[in-house]
1. Identify the residue in the range 30-69 that is of a type in the set (Lys, Arg) and under 16 Å from Glu11 (Cα atoms) and, among all such residues, is surrounded by the most Cβ atoms within 10 Å (Cβ to Cβ).
2. Please give the number of the condition Leu180 fails out of (1) within 28 Å of Glu82 (Cα to Cα); (2) free of Cβ contacts under 8 Å to residues at least 60 places away in the same chain.
3. Can you report the number of residues in the range 115-140 which are modelled with pLDDT under 95 and crowded, with 18+ Cβ neighbours inside 10 Å?
4. All but one of (1) part of a loop (DSSP other than H, G, I, E, B); (2) within 14 Å of the chain's Cα centre (by Cα) hold for Leu59, so report the exception by its number.
5. Just one of Ala87, Ala72, Ala108 is surrounded by fewer than 21 Cβ atoms within 10 Å (Cβ to Cβ), assigned to a helix (DSSP H, G or I), outside the structural domain of Ala146 (by TED's automatic domain parsing) and of a type in the set (Gly, Ala, Ser); which is it?
Amino acid sequence: MKDTCNMTPAERVAAIEAALRPLADPLKALEMRAYLKDQFGFLGLAAPLRRQAVKALGLARMHHADELLDTARLLWALPEREFRYTAVDLLRQQSKCLRPWHLPQIQALMQQDAWWETVDSLSAVVGDVLHAARGSEDDPQTLMDAWVQDADYWLRRCAMIHQLGWREDTDLARLHAYALRLAPEKEFFIRKAIGWAFRDLARWDPDGVRSFLNGHRAQFSGLTLREALKHL
């Protein structure tokens, strides 16, 4: 095998493809396809098996954003969903390569054959990048201010949930403003996202979440409130 440090993105993707395709399970692939409403193709690989196979390749870490993003784009172009999940794993593992100005490239991936599982996974990448950039001279979250107003509800969902796991670092003003802006929407994935964001925050600030939701209860859907208050 070629020295993995010197592999091009295309060579990395070819190695990943060669490792995963022989493991394909057609019956499992049908189950996975059905779970996502028969919209996408699958190899039929559970996440632990897929990750183990990729890890066994011993691919060197990528230290340049262009290399990482090119690899992700090539994986995204393959028809089976597992290659996109592998791309997300690489982006999360090596997110230190990325800066807020790379997020439009993540957006392009997010909007390609979008569904909740890739959108939510890439939202975690967005969150990692923006959390790491906090304290920089320019406000790194201004892009989310644009996404929360975007015509594409998947981008609005990303803006709503990008702070998951930020704990005490959560920008409460933004979280509250985004939630109130999106509250009138009927879209299931938006209503669910608002509740999910508050459910996550409630682990660190239960009193604050209760107070905010009680003060605006009439504005939120039952779905949002059930999701937000699930563990309170």
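The values are calculated or read from the model by the stated rules, or taken from the named source; none is laboratory data. All values derive from a computational prediction rather than experimental measurement. Neighbour counts run over all protein chains shown; Cβ positions are idealised from the backbone, glycine included.
1. Arg61
2. Of the numbered conditions (1) within 28 Å of Glu82 (Cα to Cα); (2) free of Cβ contacts under 8 Å to residues at least 60 places away in the same chain, the odd one out for Leu180 is (1).
3. Of the residues in the range 115-140, the ones modelled with pLDDT under 95 are 134-140.
If we keep only those that are crowded, with 18+ Cβ neighbours inside 10 Å as well, we get 140.
Counting residues in the range 115-140 that are modelled with pLDDT under 95 and crowded, with 18+ Cβ neighbours inside 10 Å gives 1.
4. Condition (2) is where Leu59 drops out.
5. Working: Ala87 fails: surrounded by fewer than 21 Cβ atoms within 10 Å (Cβ to Cβ); Ala72 fails: surrounded by fewer than 21 Cβ atoms within 10 Å (Cβ to Cβ).
Only one candidate passes the filter, namely Ala108.
Residue by residue, here is whether (1) outside any helix (DSSP H, G or I); (2) over 14 Å from Glu80 (Cα atoms); (3) not acidic (Asp, Glu) holds:
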{"position": "Arg12", "(1), (2), (3)": "no, yes, yes"}
{"position": "Ile16", "(1), (2), (3)": "no, no, yes"}
{"position": "Ala29", "(1), (2), (3)": "no, no, yes"}
{"position": "Met32", "(1), (2), (3)": "no, no, yes"}
{"position": "Asp38", "(1), (2), (3)": "yes, no, no"}
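One line per residue, one yes/no per condition, for (1) under 18 Å from the mean Cα position of the chain (by Cα); (2) hydroxyl-bearing (Ser, Thr, Tyr); (3) surrounded by 13 or more Cβ atoms within 10 Å (Cβ to Cβ):
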site: Asp145; (1), (2), (3): yes, no, yes
site: Thr170; (1), (2), (3): yes, yes, yes
site: Leu180; (1), (2), (3): no, no, yes
site: Lys186; (1), (2), (3): no, no, no
site: Gly208; (1), (2), (3): no, no, yes
site: Lys230; (1), (2), (3): no, no, no
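Each row is one residue, and each column tells you yes or no for (1) within 24 Å of Ala114 (Cα to Cα); (2) modelled with pLDDT of 95 or more; (3) touching a strand residue (DSSP E or B) at 6+ places or on another chain (Cβ under 7 Å); (4) among the β-branched types (Val, Ile, Thr).
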| residue | (1), (2), (3), (4) |
| --- | --- |
| Asp145 | yes, yes, no, no |
| Ala159 | yes, yes, no, no |
| Arg203 | no, yes, no, no |
| Gly215 | no, yes, no, no |
| Gly222 | no, yes, no, no |
| Leu232 | no, no, no, no |
